[in-house]
Every structure is written in structure tokens, then in C-alpha cells.
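Here is the structure we will look at.
Nothing in this text is a laboratory measurement; each read-out follows from the coordinates by a stated rule. Because the structure is a prediction, the values reported are computed rather than measured. We place every Cβ from the backbone using ideal geometry, glycine too, and count neighbours over all the protein chains shown.
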Amino acid sequence: MNQDFEKVKSFIIGSGPAGYTAAIYASRANLSPIMYQGMEPGGQLTTTTEVENFPGYPEGITGPEMMEDLKKQAERMGADIRWGVVTEADLSQRPFKLATDDGKKFMAESVIIATGATAKYLGLESETKFKGAGVSACATCDGFFYKGRPVAVVGGGDTAAEEALYLANIASKVYLIVRRDVMRASKVMQDRVMKHPNIEVLWNHVTDEIVGNENGLMKSMTHARLKNVVTGEIKEIQVDGFFLAIGHTPNTQLFKGQLDLDEEGYIKTQPGTTQTNIEGVFAAGDVQDRIFRQAITAAGSGCMAAIESERWLQSQE
């Protein structure tokens, strides 16, 4: 990366609520941001059917429609939004050097990282088939749609326990599928799960297949086929919703060895800010948020990143 550089004040890596919001604010601040959308333009919300908990949409909206709205708004403000993936990022000195899969090279005065995190799935073909039609990786996002209906949660850690407890107050019944005979969750979370009358723990079980109805684009799961890892016995549970709670993988491979990451790979930011350990590099959204992982919190941190980037750039002049 040493020739034909395009110079930019603000370079945004990744889209989704954090990236698009950062682009809106950076554009309004006359930073002329360039955004590369990444492998999944619009982020995880593009795999979500209905979004009902984002302010300003009283009737709800689909994830793809909402992301298209945010993209249009960013473009109207002047953001230069491009297809493609950032393949190289040299953050060792300013201006930061970046390269993309379309062969372009950039020198950026500041960088906002909004590459998100990818939910871990089991890897079943049927799981992919019913994603967004019963299968979800976010109980807070999609639990409301299963009010009074039976659901299942897969996982044995604190996240799984939290999701099961959250859903237990919405769904008619919650099956918690745990592949071992013990949970990894903290003692207090295990106690809450075991005491809740609406939760049934299925120990030593793994998911064999998701089964449902298919009618063209209209799909809906009807039950899950489970296997007992000790006896080999097959068991079917009638559920309308199937929630994965086996963790997320932050999309930070590009920044390993340059940015401070926590033990799970999330970017560490200074408390109350989006500033990373490298001045002029900011992180927003799920790539630095292992707790909330909501569209609204991602958008808020995108706003913070753009404002902090603008102020930092002013301080350097």
C-alpha cells in the first residue's frame, strides 16, 4: 500500500445502525465520510423480519427496509457509501492506510470501525432455512412475536439463561437445551432458571434438525428434533420459536495485533467513549458492545463515534 491513495477525513468500516448513523453525523459535520459496507450491507438487521422496538416506527418495520432508510438518509447528507470489503488496515501511524477488495487504497485522517459481530449458529441446513421464520439469535429483538407460544433456547451459559428467563415472561413455555449435564452459567442465573415454573431444562441434548412448513417464501418452524447425547434417543418438541444463545464472534480479525481486544475479541474502548487505544480510531456498535447488542444502542454509539471523531480532528488542526 504505497501508491495512488485516495485521501479522506473520515473512513467508516462497516454498515448497520452504527455505521450508517456515524455516516449521517460525519456528513453533517462536513467530514465527507467514505463508508465501505462490508460483507453484509446493513448488518445483522438485514436478516431480521420485523423490528418493533426501534423508536420512530410505530407500526414496526422490516430490518432490510430500516437499513435502506438509514442508508438513504446517510447518502442524502452526503456520505459516499460503497460496496466492498476492507481487506487491509494499517493503523500504526497517521494518516491510516486502508485497502479494499476492489483494489482501492486510502489514507484516512480518522477511522470509525462498525464491523459488528456475527451470531454463532449450530451449522444446520434446516437452521439456515428457517432463519427469520422461527430461528433467531436475539430474544430481546424477536421474543415479542412469540407471546403465549412455546419456544426453545439453545445454550448453557449466562446469555442462554438470561434469554430463557426473558422469554419465560412472554412465551407459554421455554425449553432450555443444554448439551451437557451441567450449565456454564453463574450459580445465581442457574438458580433463577431452575426455579422458574415456565422453563424446562433438557440436559444432555443437542439439536438434530429444525422442522417446519414451507410454502414458497412463507416459512414457519413447527418443532425441533433433538438427540440425547448419552442415550442417542431422538425427541421432538413442539415450538414456534428457536433461539440461539451460544455466543457472538466480533468481526475484528482485521485489527488483531493493532487494537486492544478483550478475551472474546471485542474492541476495547475507553469508558464512556468510542475511542480505542489508537488516537483517531473509534469503534461503534456490536464490535465493541458485548452486553446490549441492540440497533438503538449501536446507532447511539455511531453518533458518539462521529462526534468524537470530529472533535478529535479539530484538535489536530
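Only Cα pairs under 8 Å and 6+ residues apart enter the sum, and on that basis the relative contact order of the chain stands at 20 percent. Listing T159, T87 from fewest to most neighbouring C-beta atoms within 10 Å gives T87, T159. Neighbours of T222 by Cβ distance under 12 Å: Lys/Arg scored +1, Asp/Glu scored -1, total -1. Using θ = phi - 60° in the Karplus curve 6.51 cos²θ - 1.76 cosθ + 1.60, the 3J(HN,Hα) couplings for the range 193-199 round to 5, 5, 8, 7, x, 9, 10 Hz; x is entered for Gly and Pro. Of D142, D181, D240, the residue with the greatest mean-square motion in the GNM of the chain, using alpha carbon springs below 10 Å, is D181.
The angle between the Cα long axis of helix 295-316 and the main principal axis of the chain comes to about 20°, on a 0 to 90 degree scale.
Over the range 121-244, what is the relative contact order in whole percent, taking alpha-carbon pairs under 8 Å and six or more residues apart?
30 percent
Give the residue list of trypsin sites (Lys or Arg not before Pro) in the range 1-102 that are DSSP loop and have at most 13 other beta-carbon atoms within 10 angstrom. When the trypsin sites (Lys or Arg not before Pro) of the range 1-102 are filtered for loop state and at most 13 Cβ neighbours within 10 Å, nothing remains.
In a DSSP loop and with at most 10 other Cβ atoms within 10 Å, the trypsin sites (Lys or Arg not before Pro) in the range 216-317 are K256. Positive-end ranking of V206, Q288, T249 along the dipole of the range 183-317, with charges on Cβ about the Cα centre, is headed by V206.
Pairs of Cα atoms in the range 203-317 fall into 10 Å distance bins, from 0 up to the last occupied one, in shares of 12, 28, 20, 19, 16, 5, 1 percent.
By the rule of a second cysteine Cβ within less than 4.7 angstrom, the chain holds isolated cysteines at C303. A simple count of charges around V206, restricted to other residues whose Cβ falls under 14 Å of its Cβ and scoring Lys, Arg +1 and Asp, Glu -1, yields -1.
Provide the net charge surrounding S110, with neighbours chosen by a C-beta distance below 14 Å and charges set as Lys +1, Arg +1, Asp -1, Glu -1. Value of the local net charge: 0.
In a Gaussian network model over the chain where Cα atoms closer than 10 Å are linked, find which of M35, M304, M194 has the largest mean-square fluctuation. Residue with maximal mean-square fluctuation among M35, M304, M194: M194. For I12, the residues 5 or more places off, or on other chains, whose built amide H falls under 5 Å of its own are I34, M35, Y36, I112. The fraction of Cα-Cα pairs per 20 angstrom bin, counted from 0 for the chain, comes to 31, 50, 18, 0 percent, rounded to whole percents. Of T62, T276, T115, the residue with the greatest mean-square motion in the GNM of the chain, using alpha carbon springs below 10 Å, is T62. Placing unit charges on each Cβ (+1 for Lys and Arg, -1 for Asp and Glu) gives the chain a dipole about its Cα centre, and among G157, Q275, F145 the Cα reaching farthest toward its positive end belongs to G157. Across the options M218, I234, T128, the greatest Cα extent toward the positive end of the charge dipole of the range 121-244 (unit charges at beta carbon of Lys, Arg, Asp, Glu) belongs to I234. Specify the longest stretch of the chain that does not include any exposed loop site, a site being one of the chymotrypsin sites (Phe, Trp or Tyr not before Pro) with a non-H, G, I, E, B DSSP assignment and at most 13 other Cβ atoms within 10 Å. Longest gap between qualifying sites, sites excluded: 84-291.
Could you tell me whether the range 126-253 comes out rounded, prolate or oblate from its Cα gyration tensor? Rule is a ≥ b ≥ c as square roots of the eigenvalues, rounded for a/c under 1.5, then prolate if a/b exceeds b/c, otherwise oblate. Rounded.
So, with +1 on the Cβ of K and R and -1 on the Cβ of D and E, and no other charges, what is the size of the charge dipole of the chain about its Cα centre, to the nearest 20 debye?
Working: 32 positive and 41 negative charges, 72 e Å.
Value, rounded to 20: 340 debye.
Go through K9/K104; K9/K256; K131/K219; K9/K97; K147/K173; K71/K129 and tell me which ones have a Cα-Cα distance over 19 Å in this structure.
Working: K9/K104 16 Å; K9/K256 23 Å; K131/K219 9 Å; K9/K97 12 Å; K147/K173 10 Å; K71/K129 27 Å.
Pairs exceeding the cut-off: K9/K256; K71/K129.
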